[in-house]
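A short write-up of the structure that comes next.
Computed from the coordinates by the stated procedures, all read-outs in this text should not be read as laboratory data. These numbers come from a predicted model, not from an experiment.
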Amino acid sequence: MLNLRCLYCQTPFTVGRAEMLSALISMDAKGQNHYDAHCPRCRRANSISRQRMELFYPNWREAAKQEAKAAVVAEKPAKLEETEPIKKAKKPAAKAKPATEKKPSAKKPAAEKKTAVKKTTTKTSKTSETKKK
């Protein structure tokens, strides 16, 4: 693994061996001298020289060959033994149920909603009652 520090935000991060290998393979194919590793915090590209990556992954060419062989093996379909297809088991016929009359379900009557009745009250003042007397 290659430990780096972002040039912009100073966040430390690492570049794993798998990423280094793929970077070295693509740099070799394209003839590049630097790889851009992106910072996980600020997402800015930090360039890493090819020499530095090769220093941390000295036998990358052998690893690339082994990875290519593994990819070729994975692409080849495995030979399947000739077997007969599995036959589906037949389900026993369902017994016919005697016809019964459908009874309507007894529905409970909906509960009546109570409506709120406003009670109007008249306020009578003591003075009006005394005036009437």
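Once backbone amide H atoms are built at 1.01 Å from N, Cys6 has Thr11, Phe13 as its partners under 5 Å, excluding neighbours fewer than 5 places away on the same chain. Under 5 Å from the amide H of Arg44 lie the amide H atoms of Cys39, each residue being 5 or more positions distant or on a separate chain, with H modelled from the backbone and absent for Pro and chain starts.
May I ask you to give the average projected area over all directions of the convex hull of the Cα atoms of the stretch 2-75, in nm² rounded to one decimal?
Working: hull surface 21.5 nm².
Mean projected area of the Cα convex hull: 5.4 nm².
Working note: Karplus 6.51/-1.76/1.60 with θ = phi - 60° gives the stretch 38-48 the couplings 8, 5, x, 8, 9, 6, 8, 7, 10, 7, 10 Hz, where Gly and Pro are set to x.
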